[in-house]
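Undergrad: Below is one structure. I have some questions about it.
The values are calculated or read from the model by the stated rules, or taken from the named source; none is laboratory data. Not measured: the values here are computed from a predicted model. With ideal geometry, Cβ positions are generated from the backbone for all residues, glycine too; neighbour counts draw on all protein chains shown.
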Amino acid sequence: MLEILIEPLQYGFMQRSLAAAVLVGILCAVVGSYLLVRRLSLLGDAISHSLLPGLAIAFILGVNIYFGAFVAGILSAILIGWIHTRSPIKEDAAMGIVFSAFFAVGIALITLVQRENKIDLNHFLFGNILGVTATEVRDIAIITVLILIAILALYKELLFYCFDPLGAQAAGLPTAAFNAGLMILVALTVVASMKTVGVILVLSLLITPAATAYLLVPRFHQVMIVGAGLGVLSSMSGMYLSYYFNLPSGPAIVMVASGLFFLALLFSPEYGLLARFYRHWVAPSLR
Amino acid sequence: MDGITPPSARWHRSLTDQAAVTVRHLDVSYGSVQALRDISFTVAPGQLIGIFGPNGAGKSTLIKAMLGLVPASGSVLYGDRPLAEQLAQVAYVPQRSQIDWTFPATVWDVVLMGRVRQAGYLHRFSARSRYIAAEALERVGMAAHRNRRIGQLSGGQQQRVFLARAIAQEAEIFCFDEPFVGVDQKTETILFSIFRELASTGKTIFVVNHDLGESIANFDQLVLLNRELIAVGSRSQVLTLDHMTRAYGGYVNFYAQEAA
């Protein structure tokens, strides 16, 4: 058993994949905890789908593609906010309109680019953790460290803001800046995770480990820590599944993360379906 | 700053710098709907002020506009400067419906939020902040529940935790939006007794309420609204048949007059 886990690590590409899996697992769960409690899961989805055109345009212009992707993600968040404040269109509809439009432009551009260059659209859509380069691992590490420092520095302010935005605003906290800051964190996180899970499925790594942890522990920082552990477990398992079964890494990671979630949904001591069943039907009849 | 100050010294810390709140020509519009029109009044410090009016009268909007939480024209001064620029002096407790009660936070987490502003960026909560938060929790009778998840409490207990958070903020001006909705009698008694204590140390407390029952006798000043200011002043000045008819359109159960 142990051999199955250790044997592949003699290869350099597997060591890089392992590093990327650990970093992305932690980063996504921590940032995703904020999306979960602010009920912004769909915004995470919208931003991630919107990265593609930026990526393609940057490739065409010869700029760093991750930078291009980040800019597109931020632009989509701004555009969603603009449509929803300047017109009677509601936020969810604005998200649907913007992210599908960005996604379509991105797919069209990358398809055009793909004809002449060896760039594989599937790697951006579904992830290819086994193909991460040393530079990419370094960039993911830098983004992860910066984001974790920012969150650590503003933890108590962000907790107040997420729990009670009006109360935080009335206490004089800059809530509009916090909101914009969270969007930037989400865009950076999605960009950093693109190569491992792909833009279509990154939402899962953002939301699912955090949601699983939410079923298990009562405090926000615990949700982040347990979520990070589950995120790392999911992305590492996904990496091995990808290695042994030649699967795209995104779907493999998501299947593990989702499996863990359903286990928690069944067996969580407080919110688990079995615990509820016991409390409602079995415990009363034993009295 | 970081030492532990005895409570008595803290409560009287700033008696000298307490000032009046002055609202002048406050207008609030949502799109094409005017929510509040030309509201003006002044309240002296040390008062418990009840903001009354029918549903949709703009009671919550008045509080939010005073604190700069919604766009408004006109001015709201605390002393001689805009209140919205002195939010460190304000503790605000929103309506219960504004809060996600399934949020992963314990009672202790919520009370400590009252110390976030005072602790300052990049600082951990000091021993003094923890002492003040613990003492506030004690005052509202919730110290024993400090490690429970906020969602496991009753409505009354949740409201008392928010009161503790407001106390921990050590504010001069307190704003409570519908604090009595969905709470038990014990909580209502605790809330009013603490409001009274705060007022007696010169704090100004605004309470949005809609219950015209006997509890109205607890307020020093009433503000009666129906999108515009109907009346402001003592109970006997405000609770007249004429005012109540203008605010409620004649459908009011006139228990209020006895309380006055």
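Undergrad: Residues of segment B:201-222 being assigned to a loop (DSSP other than H, G, I, E, B) and not basic (Lys, Arg), which ones?
TA: B:Thr201, B:Gly202, B:Asn209, B:His210, B:Asp211, B:Leu212, B:Gly213, B:Phe219, B:Asp220
A quick yes/no check of all residues on (1) without any contact (Cβ under 8 Å) to a residue 24 or more places away in the chain; (2) crowded, with 17+ Cβ neighbours inside 10 Å; (3) more than 14 Å from chain B (Cβ to nearest Cβ):
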position: A:Asp120; (1), (2), (3): yes, no, yes
position: A:Ile143; (1), (2), (3): no, yes, yes
position: A:Lys156; (1), (2), (3): yes, yes, no
position: A:Phe160; (1), (2), (3): yes, yes, no
position: A:Leu173; (1), (2), (3): yes, yes, no
position: A:Lys195; (1), (2), (3): no, yes, yes
position: A:Ala211; (1), (2), (3): no, yes, no
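Undergrad: Within segment B:22-45, can one find any residue that is buried (at least 21 other Cβ atoms within 10 Å of the Cβ) and within 23 Å of A:Thr175 (Cα to Cα)? Explain how you work it out, then say what you get.
TA: Step one: filter segment B:22-45 for residues buried (at least 21 other Cβ atoms within 10 Å of the Cβ), giving B:23, B:26, B:28, B:36, B:39.
Now restrict to residues that are within 23 Å of A:Thr175 (Cα to Cα): B:28.
The answer is yes, given that some residue of segment B:22-45 is buried (at least 21 other Cβ atoms within 10 Å of the Cβ) and within 23 Å of A:Thr175 (Cα to Cα).
Undergrad: Consider A:Val186 carefully, then state whether it is more than 13 Å from every other protein chain (Cβ to nearest Cβ), crowded, with 21+ Cβ neighbours inside 10 Å and either of a type in the set (Val, Ile, Thr) or not in a helix (DSSP H, G or I) (or both).
TA: Criteria met by A:Val186.
Undergrad: Looking only at segment B:108-127, how many residues end up being surrounded by fewer than 20 Cβ atoms within 10 Å (Cβ to Cβ), among the aliphatic types (A, V, I, L, M) and in contact with a Ser or Thr (Cβ under 9 Å, 6 or more places away or on another chain)?
TA: Of the residues in segment B:108-127, 1 are surrounded by fewer than 20 Cβ atoms within 10 Å (Cβ to Cβ), among the aliphatic types (A, V, I, L, M) and in contact with a Ser or Thr (Cβ under 9 Å, 6 or more places away or on another chain).
Undergrad: Looking at A:Leu247, A:Leu273, A:Leu230, which is the one that is within 28 Å of A:Asn122 (Cβ to Cβ), surrounded by fewer than 19 Cβ atoms within 10 Å (Cβ to Cβ) and touching a helix residue (DSSP H, G or I) at 6+ places or on another chain (Cβ under 6 Å)? Give the steps one after another, and end with the answer.
TA: Values: A:Leu273 fails: within 28 Å of A:Asn122 (Cβ to Cβ); A:Leu230 fails: surrounded by fewer than 19 Cβ atoms within 10 Å (Cβ to Cβ).
Being within 28 Å of A:Asn122 (Cβ to Cβ), surrounded by fewer than 19 Cβ atoms within 10 Å (Cβ to Cβ) and touching a helix residue (DSSP H, G or I) at 6+ places or on another chain (Cβ under 6 Å) holds for just one of A:Leu247, A:Leu273, A:Leu230, which is A:Leu247.
Undergrad: Mind checking which residues of segment B:181-197 are among the β-branched types (Val, Ile, Thr) and assigned to a helix (DSSP H, G or I)? Full working, then the answer.
TA: Residues of segment B:181-197 among the β-branched types (Val, Ile, Thr): B:181, B:183, B:187, B:189-190, B:194.
B:Thr187, B:Thr189, B:Ile190, B:Ile194 - these are the residues of segment B:181-197 that are among the β-branched types (Val, Ile, Thr) and assigned to a helix (DSSP H, G or I).
Undergrad: Quick one: would you say A:Gly238 is in a helix (DSSP H, G or I) and within 14 Å of chain B (Cβ to nearest Cβ)?
TA: No; evaluated as a whole, the condition is false for this residue.
Undergrad: What's the number of the only condition in (1) within 30 Å of B:Gln95 (Cα to Cα); (2) more than 14 Å from chain B (Cβ to nearest Cβ); (3) not acidic (Asp, Glu) that A:Pro218 fails to meet?
TA: Of the numbered conditions (1) within 30 Å of B:Gln95 (Cα to Cα); (2) more than 14 Å from chain B (Cβ to nearest Cβ); (3) not acidic (Asp, Glu), the odd one out for A:Pro218 is (2).
Undergrad: Can you tell me which of B:Ile205, B:Ile216 is at pLDDT below 90, under 30 Å from B:Ser154 (Cβ atoms) and of a type in the set (A, V, I, L, M, F, W, C)?
TA: Details: B:Ile205 fails: at pLDDT below 90.
Only one candidate passes the filter, namely B:Ile216.
Undergrad: Okay, moving on. Can you tell me how many residues within segment A:230-260 are in contact (Cβ under 8 Å) with a residue 40 or more places away in the chain and over 15 Å from A:Ile129 (Cα atoms)?
TA: Matching residues across segment A:230-260 total 4.
Undergrad: Restricting the search to segment A:59-89, which residues are without any contact (Cβ under 8 Å) to a residue 12 or more places away in the chain and crowded, with 19+ Cβ neighbours inside 10 Å?
TA: A:Ile65, the sole residue that qualifies.
Undergrad: Please go through segment B:106-131 and give me each residue that is farther than 15 Å from B:Ala91 by Cβ, in contact with a helix residue (DSSP H, G or I) (Cβ under 8 Å, 6 or more places away or on another chain) and more than 10 Å from every other protein chain (Cβ to nearest Cβ), ordered by number.
TA: Those that are farther than 15 Å from B:Ala91 by Cβ, in contact with a helix residue (DSSP H, G or I) (Cβ under 8 Å, 6 or more places away or on another chain) and more than 10 Å from every other protein chain (Cβ to nearest Cβ): B:Val107, B:Ser126, B:Arg130.
Undergrad: Please go through segment B:191-236 and pick out each residue that is acidic (Asp, Glu) and either surrounded by 16 or more Cβ atoms within 10 Å (Cβ to Cβ) or more than 20 Å from B:Val93 (Cβ to Cβ) (or both).
TA: The initial filter retains those residues of segment B:191-236 that are acidic (Asp, Glu), namely B:197, B:211, B:214, B:220, B:228.
Across segment B:191-236, the qualifying residues are B:Glu214, B:Asp220, B:Glu228.
Undergrad: Still on this model: Being within 14 Å of chain A (Cβ to nearest Cβ), modelled with pLDDT of 90 or more and over 30 Å from B:Ala133 (Cα atoms) narrows it down to one of B:Pro82, B:Pro71, so name that one.
TA: After applying the criteria, what remains is B:Pro71.
Undergrad: Same structure again: How many residues are more than 7 Å from every other protein chain (Cβ to nearest Cβ) and hydroxyl-bearing (Ser, Thr, Tyr) when one looks only at segment B:87-105?
TA: Total satisfying the criteria: 2.
Undergrad: Within segment A:231-243, does at least one residue satisfy the condition of being farther than 27 Å from A:His49 by Cβ and of a type in the set (A, V, I, L, M, F, W, C)?
TA: No, that holds for no residue.
Undergrad: Still on this structure, I have one more. Taking the options B:Ala164, B:Ala134, name whichever one is away from every other protein chain (no Cβ under 14 Å), surrounded by 15 or more Cβ atoms within 10 Å (Cβ to Cβ), within 30 Å of A:Leu216 (Cα to Cα) and modelled with pLDDT of 95 or more.
TA: Testing whether each residue is away from every other protein chain (no Cβ under 14 Å), surrounded by 15 or more Cβ atoms within 10 Å (Cβ to Cβ), within 30 Å of A:Leu216 (Cα to Cα) and modelled with pLDDT of 95 or more leaves just B:Ala134.
Undergrad: Check A:Ile225 against each of (1) touching a helix residue (DSSP H, G or I) at 6+ places or on another chain (Cβ under 7 Å); (2) within 14 Å of chain B (Cβ to nearest Cβ) and name the one condition it does not meet.
TA: Of everything listed in (1) touching a helix residue (DSSP H, G or I) at 6+ places or on another chain (Cβ under 7 Å); (2) within 14 Å of chain B (Cβ to nearest Cβ), A:Ile225 misses just condition (1).
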